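Please read the structure below before turning to the comments.
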Amino acid sequence: NDDAIRGVLASLKLFKTMKNLGIKCYIGVTSGLVYTGLLGSGTSREYGVLGDAVNLAARLMAKQKKCCVPGVICDTTTQELIPCDAPIRFDPLEPFHVKGKQQLIRAFQPKYTENALTYSPQSHYYNIGRESYLKLVEQLLLNNPSFVLLTESAIGTGKTYYMESIVNLLQTKIKLDFGKYRIIWASGHHYVQNAHTIWSLIFGTLLQRTEFTENRSYRQHVKSLFVDKNPELIPYLSLANDVFGTQFLETEKCSNLPEEHRWDKKTECCLSILEQFSVEEKLVIFIDNLQWSICDDWKITEFIVNMINSPNDTSNLTNIFIFLSARPLLSALFRPRFEEPPSQYRRIRQQLKSRKQLISLRTWDLVEVKSFMCEYFAVDDIHPCLPHFIYERSGGNPAFVEWICELIDVHVTYCDGVMLLEMSEKTENSITSEAPLQHPVPIKVHSVLMGYIDRLTPSQVLLLKTASTICMGQGSGSIIFDYKSVVDCYPVIEYQDLIEQDLTHLSQVGIINTIGDVLNYDVFSSTPNFYAHNHQWMYSSLFLSSILDVSIVANKQNKNDNKLFPSSSSQQQKQHVFSRKLLHFFINRLVFYPYDPDNGVSWRLRQIIQFNDPSKPIRLKRSTKEILIVENDEYLVQIRAKPESIDDLHCTLDESLNRGIMTESQEKDTTYPPSITKKNKLYSFGCGFFRDVIYGLMLLKQRQQLHDNAAKFLEKRWTNTDNADEEKNNDNNDDIDNNLTDTDSEKTETVELRSGDYGSFSQFKANVLNRHRDLALKDDTLRRMGSFYQAAPQAKSASPKGAKRLHTLASFYKNIRTKTGDKHRIATLSPNRRRSTAPSIFQRLRQSLAVGNRTAPQ
């Protein structure tokens with residue numbers, strides 16, 4: 001994630017070189033997504049880049065040339081991607097017009113500066129999910145005279161924020177117990193190529209280098225520290241000039257020192273300074289971004305770690321606490337390119353791991369993502385679809401979660417003292433759309449994920465492309481795929497032997513997750529596996545989020561024991577006492593939270609009622625204009641509110657019943673039934689954005705080929721499975737007919753009634769095949785891939801009344817959305833209501849092909 005800063009530094013260096021040669025130079029720098037490859041014909045071609053970012057860079061260069069002002073100019077995106085501690089400052093320019101752009105362009109003129117802003121620890125809200133790690137640090141600080149702790153994790157998991165949390169812990173909770181201390185913060189920078197980037201900053205802070213304006217006075221200050229303690233090291237101080245920032249002249253005694261002993265004297269000088277400053281107060285040293293250390297920095301780090309963990313008689317490094325943070329350099333995703341990881345890092349990591357002083361930060365789960373969003377937006381509760389969407393897209397990576405929260409379009413609703421965060425209509429339309437790649441990938445996330453992709457082998461990239469194609473066929477939000485589908489749809493035969501090996505490798509580095517053969521369908525758990533069939537409905541089926549008057553009692557028609565109310569008497573069950581509760585309708589469940597006017601909403605005491613189950617059908621009734629009754633054989637729920645709120649809830653529940661959302665058991669049995677998952681592992685993308693990025697990298701021809709393969713192999717597999725099941729059922733029926741007696745035949749005259757087909761596996765298979773065929777069409781616009789994305793498949797209603805109801809709701813919902821005084825949001829209605837009655841071009845083509853196939857000779 002350093003492309004922008006390296007590009008600006010390279011342009012500044014190029015401009016300086018050209019200026020010294022007396023050549024005028026005009027450079028434009030932009031950041032964005034471009035296409036790279038060979039341009040031209042078979043006789044003349046070149047390697048080039050195409051894209052909006054390339055055109056804008058050319059326009060910025062032309063602007064500089066038109067103004068006759070040589071220099072470097074960059075766009076706003078590049079300026080935002082560069083961290084504040086980089087040695088670059090930006091001078092804003094007046095907005096101007098460029099060719100091909102209607103809006104004004106804001107640009108900046110970068111300049112190199114030596115006085116970069118030093119990073120200072122700050123307080124934040126990234127302690128979510130880090131409580132156990134902070135407790136471990138607290139015990140180490142209070143029970144050890146000195147130690148070294150290494151924090152190792154991937155990009156965006158919050159290593160820097162975790163170290164800031166330790167600083168906050170020292171300054172607040174254990175300040176009195178820990179005693180007098182001094183905090184020193186240093187960080188490695190990949191764009192600074194000094195021999196001692198990290199330790200020169202640490203020793204410069206200890207020696208107060210910035211307080212001295214003259215080199216002579218600074219040399220005298222450093223020399224005075226060795227006069228009393230270690231006078232024998234004074235002749236060798238010139239060896240530590242690059243560490244201390246001094247300019248001592250090399251003495252004759254130092255010149256005669258053998259080369260193998262020069263490093264030993266240098267480390268002795270560094271050790272002497274640390275010993276002197278750790279006597280009066282404890283030194284707490286934080287070293288961030290250790291992976292950017294240069295060779296000499298690695299040597300000093302290893303030397304000091306060894307002296308702290310293995311003290312000897314000649315040194316006394318107590319009262320020194322060092323916290324290191326680095327990316328996992330031994331992982332394939334973070335290994336240095338064209339070279340091996342530093343041997344010093346291997347030894348440091350192995351030593352600290354054996355002493356249990358190595359921490360690997362994990363990503364957030366769904367509950368922690370929701371907690372972060374509540375703190376980030378300062379609300380009491382969140383639209384349940386928002387944390388699910390962000391968790392699925394980010395994979396729980398803390399930095400990805402924050403970057404999405406910065407860009408997502410939401411609004412806050414205040415109702416009865418409760419602040420609710422809800423989706424805007426734009427966000428809802430983008431995440432519930434059937435078309436792929438509707439929600440854009442943030443540029444920072446794209447930069448990080450592209451760095452991962454560049455480190456994969458061609459077979460691994462092709463495997464991920466195949467998996468993303470399978471997921472897109474299941475639904476634009478699906479991230480789950482199975483092993484057999486990947487093998488069947490894999491386009492290159494030479495790489496098929498590497499599929500299992502590549503899946504293991506990708507699972508180890510964290511790009512994909514191995515689920516096994518059991519899916520977690522509990523959407524309220526910390527790590528759910530997202531529905532494949534219901535994914536769009538999952539995001540669009542929250543219809544009301546408001547404080548309502550709700551009473552839940554056992555239905556008097558139910559003669560069996562009621563498990564919801566085991567302790568309630570019959571008299572209490574007959575009384576419908578309204579209590580204040582928060583109501584959510586989520587996927588196929590009604591969710592109630594007890595509400596107390598004095599203490600607010602009890603978020604932990606949640607009550608969930610299964611919804612849309614064929615075995616326990618729900619009935620909707622209206623007793624009055626202000627009361628809606630939702631009942632089945634087990635329970636009876638009465639909801640009371642203003643007439644307009646009850647009208648909203650009644651219409652949306654009625655629509656969802658006609659829509660036919662699958663229940664949890666139906667989804668589990670039909671999407672990935674045991675017959676398919678047996679001897680077949682299930683996998684999922686660790687990050688939904690990674691699926692989008694890898695899918696967007698494919699060219700149109702490659703994407704069409706993969707979707708054609710998927711449609712062909714899946715149809716063949718499912719056809720064979722259906723034929724086998726049908727033969728098995730026929731054999732069983734024949735055996736039963738042969739064994740029937742007269743009495744048995746009388747008993748079998750009755751016909752068993754089947755429950756409504758809310759979402760059978762046959763419907764799911766048809767949906768998947770239709771999506772693959774539509775995505776394989778020769779249309780380079782991903783947002784218009786055919787009629788399938790304009791109208792999702794609907795369950796057939798048992799009565800025409802329900803279907804007619806959907807058509808009459810369009811104007812009602814339109815009026816609801818235009819009201820300015822609403823205290824809640826209503827999600828979008830079924831896409832069918834906006835669909836034109838005239839068949840599209842693709843529907844007419846399918847109909848003509850179907851007619852041609854039926855009339856063809858057998």
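Brief remarks follow.
- Distance from the alpha carbon centroid of the stretch 305-364 to that of the stretch 375-404 works out to 32 angstrom.
- Radius ratio Rg over Rh of the stretch 199-333, counting only Cα atoms, Kirkwood formula for Rh: 0.97
- Taking only alpha carbon atoms, the stretch 270-424 gives an Rg to Rh ratio of 1.16, where Rh is the Kirkwood radius.
- Shape call, the stretch 1-152: gyration tensor on alpha carbons, a/c limit 1.5: prolate
- Spacing of the modelled spin labels on Ile234 and Phe377, each 7 Å from Cα toward Cβ, amounts to 6.7 nm.
- Exposure ranking of Thr77, Thr514 by accessible area [1.4 Å probe, largest first]: Thr514, Thr77
- Cα-Cα over 26 Å, subset of Lys65/Lys111; Lys99/Lys426; Lys180/Lys229; Lys111/Lys444: Lys99/Lys426
- The listed residues Thr719, Thr213, Thr469 rank as Thr213, Thr719, Thr469 when sorted by accessible area, largest first, using a 1.4 Å probe.
- Shape call, the stretch 148-212: gyration tensor on alpha carbons, a/c limit 1.5: oblate
- Three-way shape label, the stretch 48-112, alpha-carbon gyration tensor, a/c 1.5: prolate
- Positive contributions from Lys and Arg (+1) and negative ones from Asp and Glu (-1), summed over other residues with Cβ under 15 Å from the Cβ of Gln291, come out at 0.
- Distance between the 7 Å Cα→Cβ label points at Lys175 and Arg106: 3.8 nm.
- For the stretch 371-454, the relative contact order works out to 27 percent when only alpha carbon pairs closer than 8 Å and six or more residues apart are counted.
- At the residue level, Glu406 shows approximately 100 square angstrom of accessible surface with a 1.4 angstrom probe and all protein chains present.
- With the whole protein complex present, Arg349 retains an accessible surface near 50 Å², based on a 1.4 Å probe.
- Accessible-area value, Ile183, 1.4 Å probe, nucleic acids and ligands omitted, Å²: 50 Å²
- Note on exposure: Ser579, Ser11 ranked by accessible area (1.4 Å probe, complete protein assembly) read Ser579, Ser11, with the most exposed listed first.
The values are calculated or read from the model by the stated rules, or taken from the named source; none is laboratory data. Predicted model only: the values in this text are computed from it and were never measured. Every residue, glycine as well, gets a Cβ built from its backbone with ideal geometry; the counts of neighbours run over all protein chains shown. Only protein heavy atoms, including side chains, enter the accessible area calculation; ligands, DNA and RNA are left aside. Shrake-Rupley method; radii C 1.70, N 1.55, O 1.52, S 1.80 Å.
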